[in-house]
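Comments concern the structure below.
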Amino acid sequence: MSGQQPIVLWLRRLRVLTAKELLQFIRDPVLLLFMLWLFTANIYMQGSSVSMQLTSANLWTQDNDRSAASRELVSRFRPPYFRHEGEIAHLQQGLQALDRGKTMLLLDIPLNFEESLIRGEPTSVQLQVDGTHSVPGLLAANYATRIISAFGLEQALAREGLAATNTDTLPLIIEEQRVWFNPNQKDTWFMPISELLEGITILSILLPAAALVREKERGTIEQLLVAPLSPLQIMLPKLLAMTMVILVGVSLSLFTIILPVFEVPVKGSLPLFYGVTALYVIANAGLGLLAATLARNMAQIGLLSLLIVAPIILLSGLWTPPEAMPDWLALGTQLSPLRHYIDTAYGVLLKGAGVDLLWDSILSLALLGGAIFALSVTRLRRQFG
């Protein structure tokens, strides 16, 4: 019985200090409102306003031929990908519209376009694309190329007396695409989850760091250090409290925004997702507590958090695939906890993967988290020891 008393006392201290951290967080309206905004309004705005797909690209045309063939080609540029704004009389007018950003595409159809097609002579059209924003510009150019190529193929078949659907006797390569996990390629499935992961990353570093720095500002850290508490007993309640807060925020985001509003399907195990999320929060919280041992006030911890969050996100592969990075930088992504969390989060939520497929990412996350937390505890012990 006497051997169990230290364990019971240790757990009682852990429970009391964790409750204290939760109470202090609730009493901080700034952090509370920031967390609510990050897990609700921010995810809704990002999911409903940011899109990587081509939608309503402005198109102006200069139809010098004004024939049935030219009108047919222009009619192929349909919504929702393109929006035909009208025709222009002079090429200079279209160039000015491109320069001023009033249109994204300018289609120039030459004179005698239809006659050249009928005679079987080579002909061409000019498409000028505003590539200032490279992603929609590239998509618009690719879509336009496919439209014009299909139109040219149909004209060639018609000249040979073949229908566009009668291609069985032609040596063609037929492309059949099968998209897994997101068949319709909806941005509203990707963007809300990516914003959720970013929000978890920010708060898992900021909240534990703010909790420890708040003790410094109020002068209560010295009281904790003279109490019969080890550095681990001081830092662990902050870690547990902020992990619970973030998991509550994740639940709020999932069940009020991501699932009901954007209808994102959850194909895997939610308990597994919560478990991996808790592991990821612990890994990042070690970075936040380590930064808190260096900072003296909340302003400094805010700046240090930015310095930590930025490389974690940039090296995660969330926006730029590691395969597109230089070799040395791609190797550095293995040190980003978010890199491994992305694999597990998307694997569980959208792919329905389990531990048997994600064990290596989970193990990497656990090893990184354990090493970082041990370093932060050692740093606190040296600082106040």
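The values are calculated or read from the model by the stated rules, or taken from the named source; none is laboratory data. Here the structure is a predicted model, which means the values were calculated and not measured. When we count neighbours, we look across all protein chains shown, and the Cβ atoms used for this are built from the backbone with ideal geometry, even at glycine. Note: accessible area is taken over every heavy atom of the protein model, side chains too, but ligands, DNA and RNA are not part of it. Shrake-Rupley method; radii C 1.70, N 1.55, O 1.52, S 1.80 Å.
Whenever you get a sec, line up 298, 35 from highest to lowest accessible area (probe 1.4 Å, protein heavy atoms). It would help to have the intermediate numbers written out before the result.
Values: 298 65, 35 10 Å².
Reading off the accessible areas and sorting them downward yields 298, 35.
Pull up all non-local amide H partners of residue 83: gap of 5 or more, or a different chain, and H-to-H distance under 5 Å with H placed in the peptide plane.
57, 58, 59
Provide the gained length on full extension for the span residue 263 to residue 297, in nm with one decimal, where the gain is 0.36 nm per separating residue minus the Cα-Cα distance.
Working: separation 34, 0.36 × 34 = 12.24 nm, distance 4.15 nm.
Between residue 263 and residue 297, full extension yields an extra 8.1 nm.
Grab the eigenvalues of the alpha-carbon gyration tensor for segment 53-111, scale each by 5, take roots, and send me the semi-axes largest first in whole angstrom. Mind showing how you got there, number by number?
Numbers: eigenvalues 65, 54, 8 Å².
Largest first, segment 53-111 gives 18, 16, 6 Å.
Tally up the carbon and sulfur contribution to the accessible surface of segment 252-385 as a whole percent, 1.4 Å probe, everything protein left in place. Intermediate values should be presented prior to the final figure.
Details: 4390 of 6450 Å².
Answer for segment 252-385: carbon and sulfur cover 68 percent of the accessible area.
Which FRET efficiency, nearest 0.05, do residue 217 and residue 323 yield, Cβ-Cβ r, R0 30 Å? Please list the in-between numbers first.
Details: r = 44 Å, r/R0 = 1.48.
According to the calculation, E is roughly 0.10.
By a straight-distance test (C-alpha under 16 Å), which lysines pair with residue 351 as possible cross-link partners, with residues fewer than eight away in the same chain excluded?
186, 267
How many percent of all Cα-Cα pairs in segment 34-73 sit more than 17 Å apart?
Numbers: 471 of 780 pairs.
Value for segment 34-73 (Cα pairs over 17 Å): 60 percent.
Computed FRET efficiency, Cβ-Cβ of residue 22 and residue 382, R0 30 Å: what is it to the nearest 0.05? The partial results should precede the final answer.
Working: r = 28 Å, r/R0 = 0.94.
In this case the efficiency is close to 0.60.
Determine the distance separating the Cα centre of segment 313-385 from the Cα centre of segment 35-75; give it in Å without decimals.
Centre-to-centre (Cα) distance: 35 Å.
Divide, for segment 1-156, the radius of gyration over alpha carbons by 2.2 N^0.38 Å, where N is the residue count.
Working: Rg = 30.2 Å, N = 156, 2.2 N^0.38 = 15.0 Å.
My calculation over the Cα atoms of segment 1-156 gives 2.01.
Report Rg (one decimal) and Dmax (nearest whole number) for segment 78-122, counting Cα atoms only, units Å.
Gyration radius and largest Cα-Cα distance of segment 78-122: 13.6, 39 Å.
Can you pull a Stokes-Einstein diffusion coefficient for segment 235-385 at 37 °C (0.692 mPa s), Rh from Kirkwood over Cα pairs, as a whole number of µm²/s? Don't skip to the end; give the middle numbers.
Details: Rh = 16.6 Å.
Calculated translational D: 197 µm²/s.
What lysines does residue 216 reach when the alpha-carbon gap must be under 17 Å and sequence neighbours fewer than 8 apart in one chain are set aside?
Excluding near neighbours in sequence, the set is 20, 238.
How much length is gained on full extension from residue 64 to residue 185, taking 0.36 nm per residue of separation minus their Cα-Cα distance? Mind showing how you got there, number by number?
Working: separation 121, 0.36 × 121 = 43.56 nm, distance 3.74 nm.
Length difference between fully extended and current span is 39.8 nm.
Measuring with a 1.4 Å probe in the full set of protein chains, what accessible area per residue, in whole Å², belongs to the chain? Before the final figure, lay out the partial values.
Working: 20710 Å² over 385 residues.
About 54 Å² of surface per residue is accessible.
Counting C-alpha atoms alone, how compact is the chain: give Rg to one decimal and Dmax as a whole number, in angstrom.
My reading of the Cα-based Rg and Dmax gives 29.0, 102 Å.
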